[in-house]
Every structure is written in structure tokens, then in C-alpha cells.
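Data first, discussion second: the structure below is written as C-alpha cells.
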Amino acid sequence: MVERRLDPRAIPRHVAVIMDGNGRWAEARGLSRIEGHRQGLDSVRAVVRAAHELGVGTLTLYAFSLENWNRPKSEVDELMRLLERYVDAELAEVHRNGIRVRTIGRLDRLPASVCEKLVQARALTCDNREMQLVFAVSYGGRAEIVDAAKRLLHDAEVGKVDPEQLDEKTFAAYLYDPEVSDPDLLIRTGGESRVSNFLLWQIAYTEFYVSAVRWPDFRKSHLVEAIVDYQGRERRYGLTGLQVRS
Ligand code: IPE
Ligand code: IPE
Ligand code: MG
């Protein structure tokens, strides 16, 4: 069992997941892509529970990208319905487990009912400290940086920020949710080796793990597999291995 190889003292604090492969999962079974998204909801449930059990501090899930708005309307509508359904079905358990829900992305583009559900979920769980569950919805990494730059320019104009003093820490405070630390581990399911506009600023030194497993099949054992792989790596942050080990 893969869990025996897991070091419980070295669980990554923040795991981010690009939940990909729903469409291919469905197509391979002669089903509609939407069926893949529906099945994917079970994986969300399972992985949230698993992350909580394993002691992951923050789990960020890429649920819907800005580019995904360009998919056929019927698929976008179904994805929006599923987001609502997730909140309706899972919020009580999430809250009971002490999990705080956060969101990143351009929520103003979401249908009002979906946006309200997410805002309610955030409000209900805002004092929870067991784990953080961050939903990236209507999210794009470049848009996040542009949105940060806009607010920063505004603050510079009114004298709240001195452009000469601007550094990475000050800039990062303008991102969608500066309270969330950078991911330690980024998992992409579905086998593609690309970032697809996810957390561009935050993944500078994140360890990347690609799983061939398509999201609707992804379960706790696959998450554990990814964490075990992560635990075997040496994070050097530009230093030499000797420096890191000394
Ligand atoms: C991920 O699965 C879900 C979203 C992007 C919302 P896809 O729908 O991208 O599935 P594939 O990549 O086509 O298999
Ligand atoms: C990334 O998957 C977005 C989400 C998982 C929400 P995509 O399927 O949209 O990415 P590409 O098209 O393969 O780059
Ligand atoms: Mg995809």
C-alpha cells in the first residue's frame, strides 16, 4: 500500500490541483463530456476528504478557468450547475470538518446564484482553521497579475504605494488572496504537462507532478502517490544541493 511509504511529518502544506481529463474520461466510455464532469464531482469530494485526513493545510482546486468560458454554452452551464451542487451537497460536511472555503478568480463573471453560493460558503466557514479549501473559479493567472497591477497603479496614484519601494512582497499583497501561501505541490491529472494559466505568480518554486489518471478516477491513493513522489525531491530554491543539506 502506497500509504506506508508516506512520511506523515513531511506533508506539503499547500497542494494545488489542476483537475483535468473529465472530457476524455467520458469520451473513452462513449458518454457525453458532461457525464465526465458529473463523475468528477465524486473525485472532488474524495480528494477534499483525503487532504483533510492527511493533514494538508491548504488545498487549491482549479475548477474553471477564464479560458473555459469559451467552451460550448451547454457545457459551461452544466459546470456552473455542478459548482452549485457541490456547495449545496458538501458545505455542511466541509464546515463540520473545520475547513475554511476561499475563492480566487473573477467571480463577477459567474451567474449570480453561483457567486452567492460561494460567498455564503466563504462567510459560513471564515473562522475554521483545520484546513483551507481554495476554489479557483473563473480564474486566470495572467488576469490575476493584471488585476493586481491595476489596483497597485491606483494605490500609487493616490500615494499609498511608492513605485521606487515596490518589491515582490508588496506586489504579492495585491493578488486575489494574499493570505494563502504559495503551493508546495502542484498536481495535474489527465496526463498533460502544462500549466494552463494557473497560479503563475505563486508556482515559482512549486514542485510539479503530472498524473496520467483522469480526474474522475482520481482518489486518495493517487493523492498519496503524488505526495510520496514530492517527499522524495530536494527543493533547492536556486541553491546547491550541498547548501540545502548543510
Ligand atoms: C477538466 O476536464 C474540467 C475543466 C476544465 C472544467 P476537461 O473538461 O478539460 O477534460 P479534457 O481535458 O477535455 O479531457
Ligand atoms: C485547465 O484545464 C483548467 C481546469 C482544470 C479548470 P483545461 O482543460 O482547460 O486546459 P487545456 O485546455 O488543456 O490547456
Ligand atoms: Mg482539459
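The values are calculated or read from the model by the stated rules, or taken from the named source; none is laboratory data. Everything quoted here is computed from the prediction, not taken from an experiment. We place every Cβ from the backbone using ideal geometry, glycine too, and count neighbours over all the protein chains shown. Note: areas computed on protein heavy atoms with side chains; ligands, DNA, RNA excluded. Shrake-Rupley method; radii C 1.70, N 1.55, O 1.52, S 1.80 Å.
Data overview
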{"read-out": "Placed amide H near Ile104: partners under 5 Å, 5+ positions off or other chain", "value": "Phe135, Ala136, Val137"}
{"read-out": "Residue-level accessible surface for Thr240, protein heavy atoms, 1.4 Å, Å²", "value": "70 Å²"}
{"read-out": "Alpha-carbon gyration tensor eigenvalues x 5, square-rooted, for the chain, Å", "value": "28, 25, 18"}
{"read-out": "Segment 20-69 - convex hull of the alpha-carbon atoms, volume per residue in Å³", "value": "79 Å³"}
{"read-out": "Solvent-accessible area per residue for the chain (1.4 angstrom probe, square angstrom)", "value": "52 Å²"}
{"read-out": "Prolate/oblate/rounded label for segment 1-139 (Cα gyration tensor, a/c 1.5)", "value": "oblate"}
{"read-out": "Tyr209 accessible area, 1.4 Å probe, all protein chains in place, Å² to nearest 10", "value": "40 Å²"}
{"read-out": "Exposure ranking of Val228, Val17 by accessible area [1.4 Å probe, largest first]", "value": "Val228, Val17"}
{"read-out": "Cα gyration tensor, segment 116-246 - rounded (a/c under 1.5), prolate or oblate", "value": "oblate"}
{"read-out": "Restricting segment 130-177 to GluC sites (Glu not before Pro) in coil, as DSSP defines it, with at most 15 other Cβ within 10 Å", "value": "Glu130"}
{"read-out": "Protein accessible area in the chain, 1.4 Å probe - carbon and sulfur %", "value": "49 percent"}
{"read-out": "Neighbour net charge for Ile104 - beta-carbon separation under 15 angstrom, K R +1, D E -1", "value": "+1"}
{"read-out": "Nonlocal amide H pairs with Arg214, under 5 Å, H built at 1.01 Å", "value": "Gly190"}
{"read-out": "Accessible area in the full protein assembly, largest first, 1.4 Å probe, for Ile187, Ile34", "value": "Ile34, Ile187"}
